[in-house]
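Below you'll find the structure, written out as structure tokens, and then a few comments.
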Amino acid sequence: MRASRRPRLELNVQYAVSSRLLPARARLRKWAHAALAHDAQITVRIVGQSEARVLNRNYRGKDYATNVLTFVMRDTPPYEGDLVLCAPVVAREARAQGKKLVAHYAHLIVHGVLHLQGYDHEHEAEAQVMEKRETEIVTELGYPDPYGTDECGMMNEE
């Protein structure tokens with residue numbers, strides 16, 4: 001039996017903020033690729049609080065900065081879209097939840113890439129499916145279950 005082809009990923013990364021704590025492009029690529037079932041073209045933009053707040057207000061009607069936003073440009077394979085992560089919110093959440101920052105970024109990239117492929121969490125049944133898939137991917141990457149009780153950090157460093 002022939003193995004299935006690994007999905008092709010075109011990834012553009014934009015850092016609108018600077019910090020030594022931001023994940024490197026190679027990690028972002030690894031995390032995004034792990035969540036892909038089909039080919040995709042994705043832009044990941046890591047922003048500050050003001051840009052995240054404006055985007056969340058303009059596109060979701062919510063006047064606060066959120067951790068990750070997914071903008072779907074093409075909802076069939078090859079998928080196309082943008083993920084916008086707010087660095088200050090991600091860092092604050094990681095501290096508050098006792099998670100390693102790298103593990104939280106990995107989870108949010110996986111979360112956003114799943115949204116890009118049609119996963120959602122608006123209803124309980126959808127949320128259960130999405131969270132189960134997120135947990136599978138994140139733990140396969142070597143990080144703790146983002147929804148579990150073991151939030152101590154990475155299981156194995158790359």
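So how many residues does segment 1-29 have that are open to solvent by 80 Å² or more (accessible area, probe 1.4 Å) and either at pLDDT 95 or above or of a type in the set (Phe, Trp, Tyr) (or both)? Walk me through it before giving the result.
Of segment 1-29, the ones open to solvent by 80 Å² or more (accessible area, probe 1.4 Å) are 1-6, 8, 10, 18, 20-21, 25, 29.
Restricting the remaining residues to those that are either at pLDDT 95 or above or of a type in the set (Phe, Trp, Tyr) (or both) gives 8, 10, 25, 29.
Final tally of qualifying residues: 4.
Could you list, in sequence order, all residues of segment 83-106 that are open to solvent by 10 Å² or more (accessible area, probe 1.4 Å) and either within 12 Å of residue 32 (Cβ to Cβ) or of a type in the set (S, T, N, Q) (or both)?
97
Tell me which residues, restricted to segment 49-108, are part of a helix (DSSP H, G or I), under 17 Å from residue 9 (Cβ atoms) and basic (Lys, Arg).
Scanning segment 49-108 gives no hits.
The values are calculated or read from the model by the stated rules, or taken from the named source; none is laboratory data. Note that the coordinates shown come from a computational prediction; the quantities given were computed from them, not determined experimentally. Cβ sites come from the backbone with ideal geometry, for glycine too, and all protein chains shown count toward neighbours. The area values use the complete protein model at the heavy-atom level, side chains included, leaving out ligands, DNA and RNA. Shrake-Rupley method; radii C 1.70, N 1.55, O 1.52, S 1.80 Å.
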